[in-house]
Amino acid sequence: GLDFEYIRGRYERTETAYIYREPFFSDAVVCGDDLIGCVEGEQFFSQRNVYPETSARASMTRMAAHAENQIRIGDFGLRPGLRLSYDDFMENVNLAPRLAATWDVFGDDRTRLIAGLNRYYGQTLLTYKLREAITPYQPQERGLQAPLPTLDDWSDASRNLAQISRFSSLDTPYSDEIAAGIDQQLLGGRLSLKFVYREGKDEFARRYGDLEEGGLRSYTLSNDGRSRHRSWRATWERSWKQHFLSVNTSWRRSETNHEDFDASVIEDEETDGRIWYRDQLIFRDQLPDDVDDFPVEMRLTWIAKLPWGLTFTNFTTFRSSYDRVVNTLRQQELPPAEKDDPEQAQSAPVYADRREPSSWRFDWKLSWEKKMFREQRIRVHLEINNVFNEKISTEPTLLQYETGRQLWAGADYLF
C-alpha cells in the first residue's frame, strides 16, 4: 500500500493577549492607570506574558509505503510487515518493522496463543510546524519604585522560552511494543487475556539550562524523552439464546521522564514556575508524574432481547480508587533566602497528593423495533446515562465531574 497526504493549516491571534502571573502583596501599592493587574493598597501582578497579534500558515506533505504477508504453516500463523514513512518537515526516513504470530495449540481453535513485536513512529503533527512559525510570547516584569510605592512600567524579561521550540531539527519519536496473549474457550464463551509492554524512545523533551537569577531557567528541545507503558486486559464474552454478556477488566501503568508536548503544542504551558510539593520548593515540571498509576476498570455489558420487540442494554463500569497530584489553590511563602529581591513573587502555589475514591456507573438503553412494509422498520429508543446520578470527579482542582443523570429519547425509520 501507498499513502500520500498534503495538509495545510493556519493559526491566527487577532489581538494581543496578556496572561498575568506572580501576585505581589503590598498594602502601600499605588496602581495609577493599571486597572487590570493591580488592586490599590493590596496587591499587583509582577510578571506577565504578552502574546502579540500574529498570523501563521504552514503546509506539510507526508508519504508512506507498507507491505505485509500472511503465512500459514500448519497451526502456526505469521504476519510480517514493514512500513516506510517520510515527511518534508522533519525530513526523517523512518522504517518500522511489524510482526504478529498466532498458534492454534490443539488445532481445534479452542486455545490460541498470540504474540506481536512492532515499532510505531509518532506522526508528525502540523501544529509542530505552526508552532515554529508563530510569533512567540514575550515575558515582562515590573516592581515597585523607591522610595514611593508606585509601580514601575512593564519591561521585557531577559529570557524568552518560546523562541527555542525547533521540532524540525529532531529525530522522530518512536515506540517499540511487545504484546502477548491467549484466547481460550471457557464456560461456553471465550476468554481473552492480553499483556502489552511499550517503550517510547527519542520523545520530545525539554533540556534545561542552569538556574538563572530569580529562579528562572531557559530550555531547548531534545530527543531525551523516554517512557514505558504496561497494560493488562482480560475479557470474557458469551452469547446464548436471546442474551449477550461481556465482562472485561483492565489495568495500566505508565512512566515518563518528560511532559506531553502533544497536549499543548500551540501554546507553551507554564512549566517553568516553581511550586511547593511535600514541603519542598521544586519546578512544576518536576512533579512526580513520571509514574502514573491508573485505576483498575471493570466493565460489564448485558444485552437481552425481550418479548414484544424490546431490547434492553446495560453498561456497568467500576473504577477503583487511585492517587493523583493536584493544585490545592493555596499559596505558601518562599524561604527567606528566596525573598532577597522585593520585585520577585514572595509565594508559590502548593501541590499535594490526593486519593480519588472508587466509583460505579450504570448506563441503560431500552429500544423497541417493529417491522413495517417489506424491509422498512421503525425503532424507538430511550437511554438513561449515569442512572443513579453518581458524582464522579474528573478534575478535582477545577471541580469538574462526569455528566450526571442524562436522558435521551429518539426514533428511527429504517428503509
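Points worth noting:
- Selection status of ARG377, open to solvent by 50 Å² or more (accessible area, probe 1.4 Å) and closer than 25 Å to GLN286 by Cα: no
- Residue match in the stretch 47-58 (condition: in contact with a strand residue (DSSP E or B) (Cβ under 8 Å, 6 or more places away or on another chain) and within 17 Å of GLN123 (Cβ to Cβ)): yes
- Evaluation of VAL291 against the conditions (1) surrounded by 15 or more Cβ atoms within 10 Å (Cβ to Cβ); (2) within 16 Å of the chain's Cα centre (by Cα); (3) under 29 Å from VAL196 (Cβ atoms); (4) modelled with pLDDT under 85 shows that the sole unmet condition is (1).
- Consider the stretch 13-43 and keep the residues that are farther than 20 Å from GLU53 by Cβ and aliphatic (A, V, I, L, M). The one that is surrounded by the fewest Cβ atoms within 10 Å (Cβ to Cβ) is LEU35.
- Of the residues making up the stretch 80-91, those that are surrounded by 16 or more Cβ atoms within 10 Å (Cβ to Cβ) and either within 24 Å of ILE178 (Cβ to Cβ) or touching a Lys or Arg at 6+ places or on another chain (Cβ under 8 Å) (or both) are ARG83, SER85, TYR86, ASP87, PHE89.
- Pairs meeting the criteria (first residue in the stretch 77-103 and closer than 24 Å to ASP202 by Cα, second residue surrounded by 16 or more Cβ atoms within 10 Å (Cβ to Cβ) and of a type in the set (Val, Ile, Thr), beta carbons under 7 Å, at least 6 apart or on different chains) are ASP87/THR124; PHE89/THR124; MET90/THR124; MET90/THR172; ASN92/THR172; ASN94/THR172.
- Within the stretch 380-394, the set of residues being among the hydroxyl-bearing types (Ser, Thr, Tyr) and open to solvent by less than 40 Å² (accessible area, probe 1.4 Å) comprises SER393 only.
- Subset of the stretch 115-134 [open to solvent by 70 Å² or more (accessible area, probe 1.4 Å) and among the hydrophobic types (A, V, I, L, M, F, W, C)]: LEU117
- Applying a threshold of 7 Å to beta carbon distances and a minimum spacing of six or more residues, or different chains, the list of pairs starting in the stretch 173-191 at a residue that is among the hydroxyl-bearing types (Ser, Thr, Tyr) and ending at one that is not in a strand (DSSP E or B) reads TYR174/GLY122.
- Just one of the listed residues (TRP236, TRP240, TRP251) is within 26 Å of VAL296 (Cβ to Cβ) and either surrounded by fewer than 17 Cβ atoms within 10 Å (Cβ to Cβ) or modelled with pLDDT under 85 (or both), and it is TRP251.
- Subset of the stretch 354-369 [open to solvent by 80 Å² or more (accessible area, probe 1.4 Å) and modelled with pLDDT under 90]: ARG354, ARG355, PRO357
The values are calculated or read from the model by the stated rules, or taken from the named source; none is laboratory data. Owing to the predicted nature of the structure, the values given are computational and were not obtained by experimental measurement. Cβ: placed from backbone, ideal geometry, glycine included. Neighbour counts: every protein chain shown. Note: areas computed on protein heavy atoms with side chains; ligands, DNA, RNA excluded. Shrake-Rupley method; radii C 1.70, N 1.55, O 1.52, S 1.80 Å.
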